[in-house]
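Report on one structure; see the data block that follows.
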Amino acid sequence: MTHFAARRARLLAQMTPGAVAIVPTAPEVARNSDSDYPYRHDSYFYYLSGFTEPDSVLVLAAASAGAAAQSILFCRPKNPEREIWDGIRHGPDGARAAFGFDAAFPIEELDTEMTRLLSNAPAAYYALGHSSTLDLQMKTWLQNVRRLSRSGISAPVVAHDLLAMLDEMRVIKDEAEQALMQRAATISAQAHLRAIRASRPGMYEYEIEAELLHEFRRNGAQAPAYTPIVAAGANACILHYNSNNAQSRNGDLILIDAGCELDSYAADITRTYPVNGRFSAPQKTLYELVLAAQEAALAVIRPGAIYSDMHDAAVRVLAQGMLDLGLLDAKKYSSVDDVIAERAHQQFYMHGTGHWLGLDVHDAGAYRDLQAEGKPSRALQAGMVVTVEPGIYVRPAPGVPERYWHIGIRIEDDVLVTASGHTVLSNAAPKTVADIERAMGGGA
Ligand code: GLY
Ligand code: MN
Ligand code: MN
């Protein structure tokens, strides 16, 4: 059984007997004129199917007293003329054989088949309220089934939010996912190393970005997992900077936040390094503070630790550093607890310390235990993958020492929770001051 079929079986086993789940893929999106954005399938659909063609819908029918469970694909039919222009299509028969579905139909038969499949089904599972297209299709299909009521056929009387169930499955990565994510992280780490090595003062941010993209593609990654950030100097203090068109200057730090997507799985890595190969004293001071914050966050990661522990650990280190370095006024804040209670650290550290990572760069999955009283931050479990990405961003402000102005630093790694602790998947990108300076040929 493939990993995709195993996931379908796990979902089917959680469903009400005889109920039906409907999972469409993503639509194609026009960019302009005759040109579309590069096509990217829907992550939930892909998770269950492995199928990457547009115009596809997966339907899962749970086993009932008289019938075995079924996985049914609707997809584009073969079309020799369109295939000359757009590339080959599996077609229903080809897809059924290649991907192990129990049945497959041309997408044009979806409405007719859904009337049949939803007839007498007790419940439907789909992404409630996410897509007006699917909401409208559901309405049509349910109305079609209800029209058959005089012949004793009933329509589903319950709708379940399918995404909530799939989110819980997706948050724990299976073996195949873990292997892919390790590879995506390794390619991305190599890309950071390549960009770091290639950097020279005066280079434009896009020239450095090109090094990343080159390394992604030459290793078979299909695309960046998100728009890369290559930010020189003060641009690093703009959290979502991605115009990547400025020229670096001698003395700048470069912040790169970039990861590839490999076979639908994302990496998400940030490194910050001096474009001339040597950290200045203030740069090094702040860099080592962020690195210490990241080490503190990494140190808590193991099964049973609470998700928010990572952020709390990083914030404590950063807040103490902000007091020690005079970024925050030690006369105004008597302790780290005081800084945190007043949220004063948010002047320089205003984002969270991580997120789930997987098919999506900000991956599916709840961050809180939604069943527990008060919905506290959830416990980590083996198979989860998180990013750990503390940073510091110093904008000019009264009272802030000038030597730190315009310095923006983030260090981000991808971390798999294992039975005994954790594995950093993105270790191949240099991270300590010594490793970075050595990689750039400037250090000891
Ligand atoms: N690259 C997106 C993030 O770090 O969350
Ligand atoms: Mn991230
Ligand atoms: Mn990132």
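Each reported figure results from applying straightforward, stated rules to the coordinates on display, with no laboratory input. Everything numeric in this text was worked out from a predicted model, so none of it was measured. Here Cβ is always computed from backbone atoms with ideal geometry, including for glycine, and neighbour counts include all displayed protein chains.
Points worth noting:
- Remark: the range 229-244, residue by residue, has Karplus-estimated 3J(HN,Hα) of 9, 10, 10, 9, x, 5, 4, 5, 7, 9, 4, 10, 4, 8, 6, 6 Hz, where x stands for each Gly or Pro and the curve is 6.51 cos²θ - 1.76 cosθ + 1.60 at θ = phi - 60°.
- The relative contact order of the range 180-272 comes to 37 percent, based on Cα pairs under 8 Å that sit 6 or more residues apart.
- Each residue in Cys237, Cys75 was given a count of other beta-carbon atoms within 10 angstrom of its own, and listing them fewest first yields Cys237, Cys75.
- Angle between the chain longest axis and helix 132-146 axis [Cα atoms, degrees, rounded to 10]: 20
- Take every pair of alpha-carbon atoms less than 8 Å apart whose residues are at least six positions apart; their mean separation over the length of the chain yields a relative contact order of 13 percent.
- Approximate spin-label separation Ala223-Ser420, in nm, with each point projected 7 Å along Cα-to-Cβ: 3.9
- Working from Cα pairs under 8 Å separated by at least six residues, relative contact order for the range 90-170 is 32 percent.
- Extending 7 Å from Cα along the Cβ direction at Ser132 and again at Lys332 yields two label points whose distance is 4.7 nm.
- Relative to the longest principal axis of the Cα atoms of the chain, the long axis of helix 3-14 makes an angle of roughly 70 degrees.
- Taking His192, His160 and counting other C-beta atoms within 10 Å, the order from fewest to most: His160, His192
- Once the C-beta distance of Thr432 and Asp167 is scaled by a Förster radius of 41 Å, the resulting FRET efficiency is 0.70 to the nearest 0.05.
- Two-site FRET efficiency, Ala9 against Arg403, from Cβ-Cβ distance with R₀ of 41 Å, rounded to 0.05: 0.10
- In this Cβ point-charge picture (+1 for Lys and Arg, -1 for Asp and Glu), the chain has a dipole of about 180 debye about its Cα centre.
- Taking Cα atoms only, the orientation of helix 175-198 departs from the longest principal axis of the chain by about 40 degrees.
- Annotation: lysines with alpha-carbon distance below 22 angstrom to Lys431 (same-chain offsets under eight excluded): Lys284.
- Sorted by Cβ neighbour density within 10 Å, fewest at the top, the residues Met440, Met114: Met440, Met114
- Cα shape, the range 241-329, gyration tensor, a/c 1.5 rule: oblate
- Stretchable slack from Val157 to Asp174, in nm (0.36 nm times residue separation minus alpha-carbon distance): 2.8 nm
- Centre-to-centre, using Cα atoms only, the range 378-416 and the range 177-253 are separated by 17 Å.
- Packing-based ranking, highest mean first, of 122-132, 369-379 given that Cβ atoms within 10 Å are counted: 122-132, 369-379
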